[in-house]
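For reference, the structure is listed below as structure tokens.
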Amino acid sequence: MKKLLFLAACLLTLVACNNGKSTTDLPGAAQRDSLQKIIEQKDNEINDMMGILNEVEEGFRLINEAENRVSVAKEGEGASRQQKIRENMQFIQQRMAENRELIAKLRNQVKNGTIKSEQLQKTIENLTKQLEDKDHQIKDLYAQLEAKDIHIEELERTASTLNKNVNILQDDNAKKANTINTQDKQLNTAWYVFGTKKELKEQNILVDGKVLQANFNKSYFTKVDIRSLKALKLYSKSAKLLTMHPSSSYKLERDAQKQYVLHITNPQMFWSTSKYLVVQVK
């Protein structure tokens, strides 16, 4: 529990530091709203992670208690002894399967989430090692029960089925995560190009005054993630957008050399009408 409290403090400190840094870089109401969403996302991630860690910790505690009950029962006598052992061993296997699934879920959240912490990585490694050690202890317990002619083949089959189901679930979760990541990349992918009228015509991007109507050269475009492209230097004192984008979602401004820079102020709105951006320059 002390480790969990220490980890929680580390995570909260990490978020506080990140938030403090962002505040100075993002003035204005829109930026504050964006920052608030980031804070809420990180808070939710921390709450989820701490919830999982608490569940795993509680799982190991209950497993230890069940192991103690089995150790006491195997030395005892009576008709109910074997039934007690069966019930507790089944409980142990179920909790082990749940802990294995929770640790895999936590590892996946850290991999795909925004919270990056060395302490959290070490905690996951320690939990994985604790799970492996507990597996060995349970195997030893099975051997001790067999030595006393307490046969529990049924429970061994149950344990094997539970572990198999957890492995299948982990594979399914990994596939779903990969699918979501792929879809996310596709949704946030766009292409841009800027060039002179002559250059755009040569690539069939501009034909008879119409843009992107013919079989244009797609390889001439640059692929970007719309979440990261905030400004595009056009290296020209003349610039005109040929593709349609909401005027309130961008600004064309000159830099110190009087050359145009396209500032995308609202990426989602800007790319909502077209995932292709064509700018004619001179």
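The values are calculated or read from the model by the stated rules, or taken from the named source; none is laboratory data. Because the structure is a prediction, the values reported are computed rather than measured. Cβ placement follows ideal geometry from the backbone for every residue including glycine, while neighbour counts extend to all protein chains displayed. Note: accessible area is taken over every heavy atom of the protein model, side chains too, but ligands, DNA and RNA are not part of it. Shrake-Rupley method; radii C 1.70, N 1.55, O 1.52, S 1.80 Å.
If N204 satisfies all but one of (1) open to solvent by less than 50 Å² (accessible area, probe 1.4 Å); (2) over 13 Å from W191 (Cα atoms), what's the number of the condition it fails?
Going through the list (1) open to solvent by less than 50 Å² (accessible area, probe 1.4 Å); (2) over 13 Å from W191 (Cα atoms), N204 breaks only (1).
Looking for whichever is of a type in the set (D, E), under 18 Å from the mean Cα position of the chain (by Cα) and either at pLDDT below 80 or at positive phi (or both) here; the options are E118, E146, E101, E153. Which one fits?
Result: E118 is the single residue among E118, E146, E101, E153 that is of a type in the set (D, E), under 18 Å from the mean Cα position of the chain (by Cα) and either at pLDDT below 80 or at positive phi (or both).
Which one of these does K129 not meet: (1) within 18 Å of the chain's Cα centre (by Cα); (2) of a type in the set (D, E, K, R); (3) under 14 Å from V56 (Cβ atoms); (4) open to solvent by 80 Å² or more (accessible area, probe 1.4 Å)?
Unmet for K129, out of (1) within 18 Å of the chain's Cα centre (by Cα); (2) of a type in the set (D, E, K, R); (3) under 14 Å from V56 (Cβ atoms); (4) open to solvent by 80 Å² or more (accessible area, probe 1.4 Å): (1).
Looking only at residues that are aliphatic (A, V, I, L, M) and within 20 Å of S272 (Cβ to Cβ) in region 184-201, which one is surrounded by the most Cβ atoms within 10 Å (Cβ to Cβ)?
It comes out as V193.
Considering (1) modelled with pLDDT under 85; (2) part of a helix (DSSP H, G or I); (3) over 18 Å from D135 (Cβ atoms), say which one S71 fails and leave the rest.
S71 satisfies every listed condition except (3).
Please count how many residues of region 234-259 are assigned to a strand (DSSP E or B) and open to solvent by 90 Å² or more (accessible area, probe 1.4 Å).
Going through region 234-259 one residue at a time, the tally reaches 3.
Just checking, does region 254-274 include any residue being charged (D, E, K, R) and out of contact with any Lys or Arg (no Cβ under 8 Å at 6 or more places or on another chain)?
No, region 254-274 contains no residue that is charged (D, E, K, R) and out of contact with any Lys or Arg (no Cβ under 8 Å at 6 or more places or on another chain).
Residue pairs, Cβ under 8 Å, 6 or more apart or interchain, first in region 124-136 and among the β-branched types (V, I, T), second assigned to a helix (DSSP H, G or I). List them.
I124/I103; I124/L106; I124/R107; I124/V110; T128/I103
Report, by residue number, each residue of region 218-233 that is assigned to a loop (DSSP other than H, G, I, E, B) and open to solvent by less than 50 Å² (accessible area, probe 1.4 Å).
The answer is F221, I226, L229.
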